[in-house]
Structures are given as C-alpha cells and as structure tokens.
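Data first, discussion second: the structure below is written as structure tokens.
The values are calculated or read from the model by the stated rules, or taken from the named source; none is laboratory data. Keep in mind that this is a model prediction, so the values were computed, not measured. So basically every Cβ, Gly included, is an ideal-geometry build from the backbone, and we count neighbours across all protein chains shown.
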Amino acid sequence: MREPIKPISPKKSQYGIDPALLKTRVSDLPGMTSLPLKELFPDLPDVIYPGDNGIESIKKATEKALDKVDMSFIKPEHSVNILASHHGFTLLGGEAYAEMIKTIKDVIERKTGCKNIRLRAGVGLRFRETEEYIKRFGLDEYFNGKAIGVAPVDEGIPIETEIGTLYGIKKVYDADWIVHAHNSDVREVHFHRQVDRAVKPFGMSYARIETRSTYHQNLGPRAANFTARAIFDSPFVQKKFAFACFLTALPNGISGVDADNNLYDLNERITKIGCRYYGKMMTLFGQIDECIAALDFPAPVVYVFSGGVIYANFVGANTDLYDLDNVPLPSYTWYTESFYGKDGKPLIEDIPPLNPAIKMCIHNYAWTGYPCAFFSEHIPTVIVGREQAELFNRDPQNINYAKHAVIAEDTEDAMNFAYRATGTKKVVIFDGAPGGLNVSEEMAEFLLKKAPEVSERVEEELLPKWLRQRGITI
Amino acid sequence: MRIVNLLAVVDKEKCTGCRTCIRVCPTLAIKLENKKAEINNEQCVGCQNCEQRCPFDAIHMQDRQPFTIGVEVKDSDYDKIEEICKKAKFNPEQIICYCTGTRAEEVAQAIIEGAKTPEEITQRTGARSGCKVECIQPILRLLKAAGIEPEPPKGGWQWYGTTVTAWEIPESIRNKYSNVGFYFDEDLELLNRIASSPTSKSKKKDSDNK
C-alpha cells in the first residue's frame, strides 16, 4: 500500500486552534494509506496544479484564458473591482487562487491601461477570513493597498431585480466595472445543486444578509440559488459586469483557467465538469456502507475536503445530491436542519437521515465559524483536544457543538476509541490530500472495488439525467 | 435558548469613533460617548459583530459569567403562536436560527410578549446572535404576520427590509426558469407541507383525544 499523501498544513487563524497544538495528523497513524484519484477514475483530466511547473502554470493559464476576453470597454480612467471569495483560498492551500487574482490584475492593466484596480474579497460566516488571506498571500501590497475583505453585514446597496429588491454589499459594486474571479469547485452542491454554480457568489459572498437569508430561508432548497441569478441579471449588475475568470477545479487538482465575457456560457461548461467528475466522487462516497470520518483540515467542519468533496456533502452522500427530480431535500442543508422538530425527528416522514454510513466523526482539526451543532447532535463526535472544544464553546455559532461531543486527549486515543466503538476499520480522512484520498487500507480496498461500476453508472445513467434536469444537452 | 458567555470590550486608545460597531450591533448595545464607542454590557449578547468588523481592531471579546437568554413558550399562548406562524408560513417548530436552534414558536412568543423589532427579538430569544446573517428574513416575516412592520435602525446597517418569498414569485418567473433547474412549484409544495405538518403539541393533543 502507498504512503499517505501529505495533507494540507494547518493554518494560523483566529477561527482555528494554534497549529502548534495539532500534534498528530490522522494520516500519520498506522494503517493509513492513499489512493490517487486517477487510479479510481482514470478518465479524470490531467491537472496543471499541483504539478511540475508549480504556480507558474496558473499564471500562464490565466494569461492564456484572458487573451480571448474582451476588455476594450475598460478605459484607463475607469475603476475595476476584482471580486473574490474566501472559498478559492481554501483550494489546495490557496496559492493557485491568489496567483490567478494577481494575474487578472496584471492582464487588465496591460490590456487596458487601467491602474485603478481593487480587490474586494467576500466571506462566508467568518467575517475576517479573507483579511487573513489578503495578508498571507501579499495581496494588499500587490493591489497597492486597495485589497479589502467585505462582509455581509457591511453597508448594503439595494438592487432591483425581477423578483423585487435584493441587497448587495456596497463596496463590491463601488467601481465602474466588476470582474468575477472564482472557481468551478462544486463545494456546497447540497445548497446550489449544481444549478447556476458560477453565479452563486452574487447571491452569497457578494451579498448582504437580507439576500443570503432569502436564499436559505425564503425560497426552498431547489429554488434558492435563483437569488443569485436575479441579482446577476439585474440591470445594475449587468451594467458593471466585465467578465469572469475561474480556476477550473477538479477533484484531483486544477486543470486550467477558464474566462468569458458571458457568465452563463462559462456556467454551462463548469456544470458539465461538476456533474461528471465531482458526481463520480460523490456517487462513490455514497456507496460506502460504514466508516469513521476524520476531519483534519484548516476550514470549518462542513468545509473540510477529501477527494475534492466537502464533509457537508459526505453527510448527504446517502442521497443523490445531483438528482433534482427525486431528491427535493438532501440529508443536510439548512432547510433540512430547520425541518427537525423538538423531538429531534423530521417534521415530515420523507426527509432522509444524515448519512447512516458515518458511524463516528473524529474532529482532529477543523475550524469554527459555521453552525455545526446539527452534526454533533446526530453523528457521534469526538473532538481531539480540550483547547479545540473550548474554541467552539466561545464561538457564538457553535455554542452547542461540543455539548453533544466527547473530548479525547489525542488523535490516537480518539481513533482507537472509534475503532472499538464502531467495529469498523474503514476510515476516510478529510485532510485535503492533493490529487488523492487518504484513507485506511480497508477503505482503499473498498473504494477501488466500487469505482469502476460507479464510473460506468454515472456515464451511462446518471450524467444524462443530471444534465437534462439542468436544461443542458451533451 | 442562547448561552451568552462573551462580552465585547472597547480599547479606547484604538477607537476612532468611526461608528462601524454601532451600525452592525444586532441589539443596539453600542453608542458613542465622548467620540468613543461605549458598550452597554446588559444589552451585549456576545455575538462578535463589532469585534469582527471594527476597522481598527479596537474591540475584543472577553469571557463573562455565562447566562442564558430565551423565552418560555406558553401553552396559554399557543393558539396565537400558531396563528402567527401559519400566517408567516412557518411550522411553529421550524428552526429559524441555525446557530441558536431558535424555533418559529419562540419568536412568535417573544412577539406576543411585546417584541416589536428584530433587535428586541434578539434580546429576548437569542436568535440572530450567532452568524448574524441567515435568520433576518424569518424574523421579519413573523413580525409582519403579527401586523408589525418595523423600521430599520436609522443610519444602521443591521438590516434593510423584507425580500421575496416562495409564495410571492410571479408565475411568469416560475415558468420562465423551470427548465433550467429551478424547481419553484415543487419547493413551494414542500414548504407548504412543512408548514402544515403536525407539531409535538398537536400530536400529543391527538393522542390524548384518542
């Protein structure tokens, strides 16, 4: 069996424990191995990053993608806001996304002569997260002091849409032009259901609380992402939109950079990628019959990665997250969570349970800043280290998280407890291992056996259905 | 229910009186005194908004003796609670704040007991003091269902107004986008089923009657 892949390193952040407190990575423990994703799914495209040419490959791919983009309307005297989101900085350590952003700035300057280019970086529920990334990747200096993090509680601006007034963050739109710098990683497919994935930040990281609350509370689980389309299609945003530039993310890394003046054309391309390649990983994860899930990545509980899939999606992998006809409500979304009554059971019978294959969750390393008590209420959870539990106790979004968990002194004790209590040796580690998965030997064997039939089923049966449901023809 | 275990504290040396903290505080616990931010400890629910948005890092969170905020849902008020929730299209047991686990019935109870604004609802129930992002619309919907349409705090960024709900999407929009993956009608049906599903109380009532 192979050596485990080196996981993504812990990061110093106000939302996580001091990296010095993380003594052991789960992949360091006996019995762990790795699986290259290309071995599971040989049809996965080759990636340029991580790769032999390092970060230079991202710069070159961005320049090439932007060659075909029309920027003739941007004049030297204009101002441009490059819009970014926290999410991109969590991909493969964040360097690739930061490099793409820097290159976009350089190319705009070169092609248009415009010098007034700013970075506006939106967040999820950790309002200073992108401020941390701006410092870490030197973006403040690169943008001559014009790089700021923006949050959904910052001053807003009303945006008239075809479904009424919604609200954006004022500083996102305070330039003549906006450039949408994002990525095709599917991430929260439980929320957006791979419908208008490329448009989502307009209803989320660039939006005010009113809009985000509309998304998660007012419209329903399969209509939610319409808030993003409504804002993007508004005359106000259309007047400012210049182009989009995306890292093309795959479960095994970055395959290139895509850019377009037409966001919906780009969206169609990434929808096909999202359904085909991430769809295979998620369908494979849905085959797992029993396991211990180990969280070991610098992001909140829901956003830790394994094989390009976030834990929130693994929690819903017992349902087909891409099937819009037959799965109205995944096992986990905020709508689902809100539909649990006081007796701890769903208010209606046909709400699927959280993935019953997850017998225990070992929280070795994950951040605060996203409400996660629902998980520890429903999945037996062990938090490693009292300091980490204490950090959650001080997070207003997670005051009840540790209440439902037990605390282990160290990683080895936690895993040994999980093996004894669950009786399974199948472990999947959410540690962001680039290009592959870190898993236990038993899990590696299981996944290798299942992958070919999953691949065939996705290609033959599921993918055509998923694309049809989204109005896309192959 | 919300356990409050943190208190915002202003570093007067660093504070420039820029008012950002005042504009984002969900309980209006901050005012300017002598050009410096002053926090009303009684009103502070430890949500961290001010600490997270202060441009000068002049606010930090300090541990405090924990206390709990929340309302007791009263049987005697339950008919009225159900009426407000029904009008707002919520099941009374539906969670409207994911961070604190606050349910629609608790917000309705707070309204019955006199809360007239989102700020007062936060003070009474704890809702809107976790992420401070996702639960503003349900709170405004429940207030509206009770006949209350509050004005946003003057000069503040706490909240601006209500937005569209699934019940208000025009048919033309629903038809226009139904073939590109937006399931408006089906989601509406789901939301209606949730709103009208039995609560623990109604199940108990049924079982007692049997």
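So, in segment A:50-62, of the ones that are within 14 Å of A:LEU247 (Cβ to Cβ) and not hydrophobic (A, V, I, L, M, F, W, C), which residue ends up surrounded by the most Cβ atoms within 10 Å (Cβ to Cβ)?
Keep residues of segment A:50-62 that are within 14 Å of A:LEU247 (Cβ to Cβ), which gives A:50-51, A:55, A:57-62.
From the residues that got through so far, the ones that are not hydrophobic (A, V, I, L, M, F, W, C) too are A:50-51, A:57, A:59-60, A:62.
Numbers: A:PRO50: 18, A:GLY51: 15, A:SER57: 20, A:LYS59: 19, A:LYS60: 14, A:THR62: 26.
Ranking the qualifying residues of segment A:50-62, first place goes to A:THR62.
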Query raised in the report: When segment B:149-162 is examined, which residues are found to be at negative phi, more than 7 Å from chain A (Cβ to nearest Cβ) and touching a residue at least 12 places away in the same chain (Cβ under 8 Å)?
Result: B:PRO150, B:PRO153, B:GLY156, B:GLN158, B:THR162
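With closer than 30 Å to A:LYS450 by Cβ and out of contact with any Phe, Trp or Tyr (no Cβ under 8 Å at 6 or more places or on another chain) as the only criterion, which of A:GLU77, A:GLU56, A:GLU39 stands out? Show your work before the answer.
On the way: A:GLU77 fails: closer than 30 Å to A:LYS450 by Cβ; A:GLU56 fails: closer than 30 Å to A:LYS450 by Cβ.
Going through A:GLU77, A:GLU56, A:GLU39 in turn, the sole match is A:GLU39.
Which ones in segment A:153-179 are part of a helix (DSSP H, G or I) and either of a type in the set (A, V, I, L, M, F, W, C) or assigned by TED's automatic domain parsing to the domain that holds A:TRP334 (or both)? Spell out how you get there, then give the answer.
Step one: list which residues in segment A:153-179 are part of a helix (DSSP H, G or I), which gives A:170-173.
The answer is A:VAL172, and nothing else.
Is it the case, given these coordinates, that A:LYS12 is over 19 Å from A:MET281 (Cβ atoms), basic (Lys, Arg), within 26 Å of the chain's Cα centre (by Cα) and loosely packed, with under 15 Cβ neighbours inside 10 Å?
On the way: over 19 Å from A:MET281 (Cβ atoms): yes; basic (Lys, Arg): yes; within 26 Å of the chain's Cα centre (by Cα): yes; loosely packed, with under 15 Cβ neighbours inside 10 Å: yes.
Considered against the rule, which asks whether it is over 19 Å from A:MET281 (Cβ atoms), basic (Lys, Arg), within 26 Å of the chain's Cα centre (by Cα) and loosely packed, with under 15 Cβ neighbours inside 10 Å, A:LYS12 comes out as yes.
Yes/no matrix, rows are residues, columns are (1) outside any strand (DSSP E or B); (2) loosely packed, with under 15 Cβ neighbours inside 10 Å; (3) modelled with pLDDT of 95 or more:
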{"site": "B:MET61", "(1), (2), (3)": "no, no, yes"}
{"site": "B:GLU72", "(1), (2), (3)": "yes, yes, yes"}
{"site": "B:GLU82", "(1), (2), (3)": "yes, no, yes"}
{"site": "B:LYS89", "(1), (2), (3)": "yes, no, yes"}
{"site": "B:ILE96", "(1), (2), (3)": "no, no, yes"}
{"site": "B:CYS99", "(1), (2), (3)": "yes, no, yes"}
{"site": "B:VAL107", "(1), (2), (3)": "yes, no, yes"}
{"site": "B:GLU120", "(1), (2), (3)": "yes, no, yes"}
Query raised in the report: Do the conditions hold for B:ALA146, that is, is it touching a residue at least 40 places away in the same chain (Cβ under 8 Å) and either within 20 Å of A:ASN218 (Cβ to Cβ) or within 11 Å of chain A (Cβ to nearest Cβ) (or both)?
Result: yes
Query - Condition broken by A:MET1, with the remaining ones in (1) more than 22 Å from the chain's Cα centre (by Cα); (2) within 30 Å of A:TYR419 (Cβ to Cβ); (3) buried (at least 16 other Cβ atoms within 10 Å of the Cβ) satisfied - result: (3)
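Could you say which residue among B:THR117, B:THR125 is of a type in the set (S, T, N, Q), outside the structural domain of B:ILE194 (by TED's automatic domain parsing) and out of contact with any Asp or Glu (no Cβ under 7 Å at 6 or more places or on another chain)?
Numbers: B:THR125 fails: out of contact with any Asp or Glu (no Cβ under 7 Å at 6 or more places or on another chain).
On inspection, the qualifying residue turns out to be B:THR117.
Could we say that B:PHE56 is over 20 Å from the mean Cα position of the chain (by Cα) and modelled with pLDDT of 95 or more here?
For B:PHE56, the condition - over 20 Å from the mean Cα position of the chain (by Cα) and modelled with pLDDT of 95 or more - is met.
Condition check: under 27 Å from A:ARG222 (Cβ atoms), in contact (Cβ under 8 Å) with a residue 40 or more places away in the chain and not assigned by TED's automatic domain parsing to the domain that holds B:THR117. Does B:ILE194 satisfy that? Step through it out loud before you land on a result.
On the way: under 27 Å from A:ARG222 (Cβ atoms): yes; in contact (Cβ under 8 Å) with a residue 40 or more places away in the chain: yes; not assigned by TED's automatic domain parsing to the domain that holds B:THR117: yes.
Taking the combined requirement at face value, the residue satisfies it.
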**Report entry** Filtered residue count, segment B:163-183, keeping only those that are more than 7 Å from chain A (Cβ to nearest Cβ) and touching a strand residue (DSSP E or B) at 6+ places or on another chain (Cβ under 9 Å)
**Finding:** 1
Requested in this report: Could you tell me whether A:ASN438 is under 27 Å from A:PRO50 (Cα atoms) and either under 27 Å from the mean Cα position of the chain (by Cα) or not small (Gly, Ala, Ser) (or both)?
Outcome: yes
Requested in this report: Just name the residue that is nearest to A:SER9 (Cα to Cα) out of those in segment A:448-458 that are surrounded by fewer than 22 Cβ atoms within 10 Å (Cβ to Cβ) and touching a residue at least 60 places away in the same chain (Cβ under 8 Å).
Outcome: A:LEU448
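Every residue, every condition in (1) among the basic types (Lys, Arg); (2) away from chain B (no Cβ under 13 Å); (3) outside any helix (DSSP H, G or I); (4) on the phi > 0 side of the Ramachandran plot, yes or no:
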residue: A:ALA151; (1), (2), (3), (4): no, no, yes, no
residue: A:ALA181; (1), (2), (3), (4): no, yes, yes, no
residue: A:ARG187; (1), (2), (3), (4): yes, yes, yes, yes
residue: A:HIS190; (1), (2), (3), (4): no, yes, no, no
residue: A:LYS200; (1), (2), (3), (4): yes, no, no, no
residue: A:TYR215; (1), (2), (3), (4): no, no, no, no
Requested in this report: Looking only at segment B:61-77, decide whether some residue is in contact with a His (Cβ under 9 Å, 6 or more places away or on another chain), within 20 Å of B:CYS15 (Cβ to Cβ) and not assigned by TED's automatic domain parsing to the domain that holds B:ILE136.
Outcome: no
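Every residue in segment A:116-149 that is of a type in the set (A, V, I, L, M) and part of a strand (DSSP E or B), please.
First pass over segment A:116-149, keeping only residues of a type in the set (A, V, I, L, M): A:117, A:119, A:121, A:123, A:125, A:134, A:139, A:147-148.
Scanning segment A:116-149 gives A:ILE117, A:LEU119, A:ALA121, A:ALA147, A:ILE148.
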Query raised in the report: Are any of the residues in segment B:64-76 within 28 Å of A:GLU377 (Cα to Cα), within 9 Å of chain A (Cβ to nearest Cβ) and basic (Lys, Arg)?
Result: no
Requested in this report: Would you please name the residue that is farthest from B:GLY126 (Cα to Cα), looking only at residues in segment B:89-100 that are in contact with a helix residue (DSSP H, G or I) (Cβ under 7 Å, 6 or more places away or on another chain) and not β-branched (Val, Ile, Thr)?
Outcome: B:LYS89
**Report entry** segment A:64-76 residues that are assigned by TED's automatic domain parsing to the domain that holds A:LYS111, paired with ones that are of a type in the set (Phe, Trp, Tyr) and not in a loop (DSSP other than H, G, I, E, B) (beta carbon under 6 Å, 6 or more apart)
**Finding:** A:VAL69/A:PHE243; A:ILE74/A:TRP177
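Looking for whichever is surrounded by 24 or more Cβ atoms within 10 Å (Cβ to Cβ) and within 30 Å of A:GLU412 (Cα to Cα) here; the options are A:PRO371, A:PRO330, A:PRO356. Which one fits? Walk me through it before giving the result.
Numbers: A:PRO330 fails: within 30 Å of A:GLU412 (Cα to Cα); A:PRO356 fails: surrounded by 24 or more Cβ atoms within 10 Å (Cβ to Cβ).
When all the criteria are applied, what remains is A:PRO371.
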Report task. Could you check, for segment A:65-88, whether at least one of its residues is at pLDDT 95 or above, within 21 Å of the chain's Cα centre (by Cα) and among the aromatic types (Phe, Trp, Tyr)? Result -> no
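Where residues in segment B:20-44 are touching a Leu at 6+ places or on another chain (Cβ under 9 Å) and touching a residue at least 60 places away in the same chain (Cβ under 8 Å), which of them is nearest to B:PRO118 (Cα to Cα)? Spell out the reasoning first.
Going through segment B:20-44, the residues touching a Leu at 6+ places or on another chain (Cβ under 9 Å) turn out to be B:22, B:38-41, B:43-44.
Still in the list and also touching a residue at least 60 places away in the same chain (Cβ under 8 Å): B:22, B:43.
Working: B:ILE22: 15, B:GLN43: 14 Å.
If we take residues in segment B:20-44 being touching a Leu at 6+ places or on another chain (Cβ under 9 Å) and touching a residue at least 60 places away in the same chain (Cβ under 8 Å), then B:GLN43 is nearest to B:PRO118 (Cα to Cα).
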Query - Those residues of segment A:285-302 which are surrounded by 24 or more Cβ atoms within 10 Å (Cβ to Cβ) and touching a Lys or Arg at 6+ places or on another chain (Cβ under 8 Å), in sequence order - result: A:CYS291, A:ILE292, A:ASP296, A:PRO298, A:PRO300
**Report entry** Checklist (1) surrounded by fewer than 18 Cβ atoms within 10 Å (Cβ to Cβ); (2) more than 20 Å from B:THR117 (Cβ to Cβ); (3) assigned by TED's automatic domain parsing to the domain that holds B:PRO152 applied to B:LEU7, failing item
**Finding:** (3)
Query raised in the report: Just for segment A:395-434: of the residues that are part of a helix (DSSP H, G or I) and within 14 Å of chain B (Cβ to nearest Cβ), which one is nearest to A:LEU295 (Cα to Cα)?
Result: A:ALA402
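So, in segment A:120-177, of the ones that are among the basic types (Lys, Arg) and within 18 Å of the chain's Cα centre (by Cα), which residue ends up surrounded by the fewest Cβ atoms within 10 Å (Cβ to Cβ)? Reasoning before the result, please.
Applying the first criterion (among the basic types (Lys, Arg)) to segment A:120-177 yields A:120, A:126, A:128, A:135-136, A:146, A:170-171.
The next check asks that each one be within 18 Å of the chain's Cα centre (by Cα); those that pass are A:126, A:128.
Numbers: A:ARG126: 25, A:ARG128: 19.
Checking each candidate, the answer is A:ARG128.
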